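Visitor: Mind having a look at this structure? Questions to follow.
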Amino acid sequence: MNPSVEALRSEFGDALVSAEVSCGDTYIYIDPARNAEILSWLKDTPGQVYNYLVDITAVEYRDAELPIEVVYELFSLDRQVPFRVKARLPKGESLEIASIVSLWSAADWLEREVYDMFGIIFTDHPDLRRILMWETYAEGHPLRKSFPLRGRFSRSEQVRQALNANPEAHYSLEELSIASENYGLPEKMRDRLRRGERGNIPDPEVVE
Amino acid sequence: MAKRTLEVDLATTGVDAQGNPITLPLGVDADAAAQASDGPALAGEHMLINIGPQHPATHGVLRLVVELDGEVVVRVIPHVGYLHSGFEKLGEYRYYNQLIPLTDRMDYLAPMSNNVCLAMAAEKLMGVEITERCKVLRVIACETNRIISHLVWLGTTSIDMGAFTPFLWCFQQRERIYDLQEMWTGARLTTSLTRIGGLMADIPDGFEDGLREFCKTFPKTIQEVDSILSNNGIWCGRTQGVGIFTAEQALDYSLSGPLLRASGVAYDVRKDRPYLDYETYDFDIPLGERGDVYDRYMVRLEELRQSTRILEQALDRLPDGPINVDDPRITLPPKSAAMSDMEAMIFHFKQVMEGIPAPVGEAYFSLEGPKGELGYYFVSDGTAKPVRWRVRPPSFINLAALPAMCEGRLLSDMIAINASIDIVMGEVDR
């Protein structure tokens with residue numbers, strides 16, 4: 001087992017929930033409320049220096065009772081040691097965990113992808129938008145086990161929505177505001193926006 | 001790696017150190033602008049332009065919404081997902097061996113690297129030890145694919161910068177590897193080479209000679225490209241000092257592959273987390289000094305030479321023996337045995353119908369793909385289908401750094417920077 005586990009236990013005590021080894025790699029479960037603190041410690045403490053964020057992802061098990069896990073895959077470039085940190089988010093509560101964009105900028109897109117695919121909210125993320133699916137995607141979060149393989153809507157409904165989308169729906173509100181600020185939008189576009197015709201932006205609470 | 005012998009810094013023409021434009025855009029009368037200097041017509045007027053998703057310079061269905069101040073990029077907002085196919089979701093409904101055709105379609109410029117990575121990740125999860133011959137053949141698969149991927153990058157990037165000839169040279173050489181791939185697997189792009197515990201097929205007669213011939217003649221092409229580009233004034237002007245990323249920035253953005261090494265960080269999965277006995281091969285990791293587009297070009301050019309070196313060593317050591325592990329639960333019996341032998345038929349049936357169950361656990365395996373660290377992460381609950389199949393896509397993570405590299409530069413530099421990242425949208429979107 002990776003010696004970092006012992007160091008973490010003496011430093012953080014109960015925030016380290018458990019440690020296990022699978023296929024030769026050590027992974028630990030931590031208290032989700034203290035993820036940023038622990039990851040920051042792992043990144044900067046001499047002797048640990050897990051300075052390379054390999055990946056952020058999430059896992060949902062087939063057993064609906066089990067919590068969703070957020071997985072941080074770390075690697076120490078100085079010591080050539082991998083380390084996996086996981087945090088369990090129980091399903092009954094809101095799926096929230098602190099963002100670590102302030103530690104690694106790479107977390108920006110990775111957390112957006114996890115949000116997009118699993119609906120996990122990363123608090124204090126600077127720009128938490130969908131990334132692979134489009135902004136007005138209303139079918140939920142595709143990698144959740146409750147999401148059917150072929151999507152929630154029928155093919156005809158998907159086609160209907162795609163054909164009915166307004167041209168300006170291809171631009172985010174932020175982009176439209178840049179355009180509007182500098183040279184104004186065409187009157188037609190403005191009208192449609194005023195009427196709120198951007199398509200339905202899904203409310204994750206309702207969908208899940 | 002060759003040192004830069006020519007230094008040209010044309011790319012910042014028209015922009016001062018802070019990124020503010022110092023020359024007027026075309027079509028603006030200098031005298032009139034000087035008269036109206038108290039309130040220049042263009043000051044503060046930003047323009048929003050849309051590039052892609054169908055645009056040759058975005059190297060795939062990438063869409064960039066760019067806010068411009070004159071010709072200077074103020075903001076880049078990338079939109080990805082046009083090629084999203086839900087492979088990770090599909091993987092949860094497939095047996096491990098059935099995932100292999102999906103991996104071809106991710107990084108389709110280096111399908112064999114993906115095939116090998118998937119098989120290795122599943123083998124790590126299942127605790128399977130592959131044979132010696134299989135290891136060497138997989139090294140050959142990975143390195144030939146690094147070569148074709150870098151050749152596509154070199155060819156298309158040189159077209160982006162206005163040089164057409166290297167494109168033809170590169171694609172000509174790439175075709176030779178494709179001929180070999182076709183010989184081996186029957187397919188050029190969708191190779192589906194590996195199986196859990198081995199390979200789909202052993203190399204055919206003539207493959208070794210063909211590859212040796214390639215290794216002998218290919219360095220000449222690298223030399224030609226080197227001599228036409230490395231000291232070319234236009235090439236240097238478009239690439240030197242453009243898109244500079246320091247080592248700290250590169251680590252902050254978790255860049256990997258040639259992009260990270262061009263910034264001077266010596267992280268290569270082949271050296272730092274060796275797999276397939278890479279530690280026994282003799283090769284060097286080229287490093288850049290400044291982290292600009294030119295360094296990325298130099299690193300990739302040198303990697304082509306190093307991959308050729310590895311291929312030669314692999315061919316020299318290629319042992320005889322089986323390519324698949326000797327375990328009827330993992331390796332599919334030969335068709336002739338399945339048709340005539342009762343036991344073989346049962347194993348064949350069970351494997352095809354029930355898949356190969358993996359023990360409860362999880363495994364992350366990564367290898368040095370042409371674009372960077374390609375990693376597959378499996379979580380298993382003991383059945384023959386993964387609970388979660390995660391791809392660590394190097395292109396996706398590298399692309400996330402594009403806005404930080406481009407902002408404050410000219411629009412034309414953005415094309416060079418985007419090309420230098422070497423994305424493949426199949427992998428970004430998965």
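The values are calculated or read from the model by the stated rules, or taken from the named source; none is laboratory data. In this text, all values refer to a predicted model and were calculated from it rather than measured experimentally. Here the Cβ positions follow ideal geometry from the backbone for every residue, glycine too, while neighbour counts run over all protein chains shown. Heavy atoms of the whole protein, side chains included, go into the accessibility calculation; ligands, DNA and RNA do not. Shrake-Rupley method; radii C 1.70, N 1.55, O 1.52, S 1.80 Å.
Visitor: Can you give the average number of partner chain beta-carbon atoms within 10 Å of each beta-carbon in peptide B:118-124, as a whole number? Working shown, then result.
Guide: Numbers: counts 0, 0, 0, 1, 0, 1, 4.
Average neighbour count from other chains, rounded to a whole number: 1.
Visitor: Run the 1.4 Å probe and let me know the accessible area of residue A:78, rounded to the nearest 10 Å².
Guide: 100
Visitor: In whole Å, what are the extents of segment A:110-163 along the principal axes defined by its C-alpha atoms, from largest to smallest?
Guide: 37, 25, 13
Visitor: Let me ask something additional. Give the relative contact order (percent, whole number) for chain A; include only Cα pairs under 8 Å separated by 6+ residues.
Guide: 14
Visitor: OK, next. Run the 1.4 Å probe and let me know the accessible area of residue A:125, rounded to the nearest 10 Å².
Guide: 20
Visitor: Would you mind computing, in nm to one decimal, how far apart the modelled labels at residue A:6 and residue A:123 are, each placed 7 Å from Cα along Cα→Cβ?
Guide: Using points 7 Å along Cα→Cβ, the separation is 3.5 nm.
Visitor: Determine the relative contact order of segment A:74-148: mean sequence separation of Cα pairs under 8 Å and six or more apart, normalised by residue count, in whole percent.
Guide: Normalised by residue count, the contact order of segment A:74-148 is 23 percent.
Visitor: Ordering B:427, B:182 from largest to smallest accessible area (1.4 angstrom probe), what's the sequence?
Guide: Highest to lowest solvent-accessible surface, that is B:182, B:427.
Visitor: I need the P(r) histogram for chain B: all alpha carbon pairs, bin width 20 Å from 0 out to the longest distance, whole percents.
Guide: Percent of Cα pairs in each bin: 25, 52, 19, 4, 0.
Visitor: Per residue, how large is the accessible surface of chain A? Use a 1.4 angstrom probe and give square angstrom.
Guide: Here the residues of chain A average 46 Å² of exposed surface.
Visitor: List the residues whose amide H sits under 5 Å from the amide H of residue A:81, counting only those 5 or more places along or on another chain, with H placed 1.01 Å from N in the peptide plane.
Guide: Distant-sequence amide H within range of residue A:81: A:76.
Visitor: How long is segment B:278-430 along each principal axis, judged by its Cα atoms, biggest number first, in Å?
Guide: 69, 40, 26
Visitor: Same structure again: Across every pair of different alpha-carbon atoms, what Kirkwood hydrodynamic radius in Å does segment B:118-161 reach?
Guide: Kirkwood hydrodynamic radius for segment B:118-161: 12.5 Å.
Visitor: Restricting attention to segment B:96-146, which GluC sites (Glu not before Pro) occupy a DSSP loop and are surrounded by at most 14 other Cβ atoms within 10 Å?
Guide: Counting only loop positions with at most 14 other Cβ atoms within 10 Å, the GluC sites (Glu not before Pro) in segment B:96-146 are B:129.
Visitor: Tell me which residues come under 5 Å, amide H to amide H, from residue A:55 once H is placed; ignore anything under 5 positions away on its chain.
Guide: A:73
Visitor: Quick one: what Rg and Dmax do you get for the protein assembly as shown from the alpha carbons, in Å?
Guide: Rg then Dmax for the protein assembly as shown, in Å: 25.6, 94.
Visitor: Per residue in segment B:239-256, which ones lose no less than 20 Å² of accessible surface when going from chain alone to all protein chains (1.4 Å probe)?
Guide: B:251, B:252, B:253, B:254
Visitor: So what are the ³J(HN,Hα) numbers for segment B:279-285, from phi and the Karplus equation (6.51, -1.76, 1.60; θ = phi - 60°), rounded to whole Hz, Gly and Pro as x?
Guide: 5, 8, 8, 9, 8, 10, 9
Visitor: Kindly write out, for segment B:120-126 in residue order, the coupling ³J(HN,Hα) from the Karplus curve 6.51 cos²θ - 1.76 cosθ + 1.60 (θ = phi - 60°), rounded to whole Hz, with x marking Gly and Pro.
Guide: Going residue by residue, I get 5, 5, 5, 5, 5, 5, 8 Hz, with x marking Gly and Pro.
Visitor: Let me ask you something else. Suppose accessible area is computed on protein heavy atoms with a 1.4 Å probe; arrange B:83, B:102 from highest to lowest. Provide the component values of the computation, followed by the final result.
Guide: Numbers: B:83 65, B:102 20 Å².
Order by accessible area, largest first: B:83, B:102.
Visitor: Please compute the net charge surrounding residue A:148, taking Lys and Arg as +1 and Asp and Glu as -1 over other residues with Cβ under 11 Å from its Cβ.
Guide: Result for the local shell: +4.
Visitor: Right, something else. Which value, in debye to the nearest 20, describes the size of the charge dipole of the protein assembly as shown about its Cα centre when Lys and Arg Cβ atoms bear +1, Asp and Glu Cβ atoms bear -1, and nothing else is charged? Intermediate results must be reported in sequence, preceding the final value.
Guide: Numbers: 64 positive and 95 negative charges, 300 e Å.
Dipole size: approximately 1440 debye.
Visitor: Chains A and B: buried accessible surface, both sides, probe 1.4 Å, rounded to 100 Å²?
Guide: Result for this pair: about 4600 Å² buried.
Visitor: Using a 1.4 Å probe and ignoring any ligands, DNA or RNA, find the accessible area of residue B:414 and quote it in Å² to the nearest 10.
Guide: Accessible area of residue B:414: about 0 Å².
Visitor: Still on this structure, please answer the following. Output the residues of segment B:342-364 meeting this criterion: accessible area (heavy atoms, 1.4 Å probe) in the chain alone minus accessible area with all protein chains in place is 10 Å² or greater.
Guide: So the qualifying set is B:361, B:362, B:364.
Visitor: Same structure again: Please report the relative contact order for chain B, taking Cα pairs under 8 Å with a sequence separation of at least 6, and give it as a percent rounded to a whole number.
Guide: 25
Visitor: Per residue, how much accessible area does segment B:88-429 show when a 1.4 Å probe rolls over the protein heavy atoms, in square angstrom?
Guide: 32
Visitor: Do you know which residues of segment A:89-120 lose at least 20 square angstrom of accessible area in the protein assembly compared with their chain on its own, with a 1.4 angstrom probe?
Guide: At a threshold of 20 Å² (probe 1.4 Å), the residues of segment A:89-120 that become less exposed are A:104, A:105, A:106, A:109, A:110, A:113.
Visitor: Further question on the same structure: Carbon and sulfur: what percent of chain A's accessible surface (1.4 Å probe)?
Guide: Details: 4920 of 9660 Å².
Its accessible area is 51 percent carbon and sulfur atoms.
Visitor: In addition: Which percent of the accessible area of segment B:234-366 is formed by carbon and sulfur heavy atoms (probe 1.4 angstrom)?
Guide: Roughly 58 percent of what the probe reaches on segment B:234-366 is carbon or sulfur.
Visitor: While we're looking at this one, here's another question. For peptide A:136-145, what's the mean number of Cβ atoms from other chains within 10 Å of each residue's Cβ? Don't jump to the answer; show the numbers that get you there.
Guide: Values: counts 0, 1, 0, 0, 0, 0, 4, 6, 1, 4.
Per residue, the average neighbour count from other chains is 2.
Visitor: First check a/c for segment B:176-232, with a ≥ b ≥ c the square roots of the eigenvalues of its C-alpha gyration tensor; if it is under 1.5, answer rounded, and if not, answer prolate when a/b is larger than b/c or oblate otherwise.
Guide: prolate
Visitor: Next question, about the same structure. May I ask for the net charge around residue B:180, where only other residues with Cβ less than 13 Å from the Cβ of residue B:180 are counted and Lys, Arg are +1 while Asp, Glu are -1?
Guide: Once positives and negatives cancel, what remains is -4.
Visitor: If you don't mind, another one. Quick one: order B:179, B:226 from most to least accessible surface, probe 1.4 Å. Please report the intermediate quantities before stating the final value.
Guide: On the way: B:179 85, B:226 25 Å².
Final ranking, largest accessible area leading: B:179, B:226.
Visitor: Sticking with this one: Within straight cross-link reach of residue B:135, meaning Cα distance under 14 Å, which aspartates and glutamates are found once same-chain residues fewer than 8 apart are removed?
Guide: Candidates past the 8-residue exclusion: B:123, B:143, B:202, B:277, B:279, B:316, B:320.
Visitor: To check you understand DSSP bridge types, tell me what percent of the beta bridges within segment A:52-140 (both residues inside) are antiparallel, rounded to 5.
Guide: Expressed as a percentage, antiparallel bridges in segment A:52-140 total about 85.
Visitor: Taking K and R as +1 and D and E as -1, what net charge do the other residues with C-beta under 12 Å from the C-beta of residue B:68 add up to?
Guide: -3
Visitor: Could you work out the mean count of beta carbons from other protein chains within 10 Å of each residue's beta carbon in A:51-62?
Guide: 6
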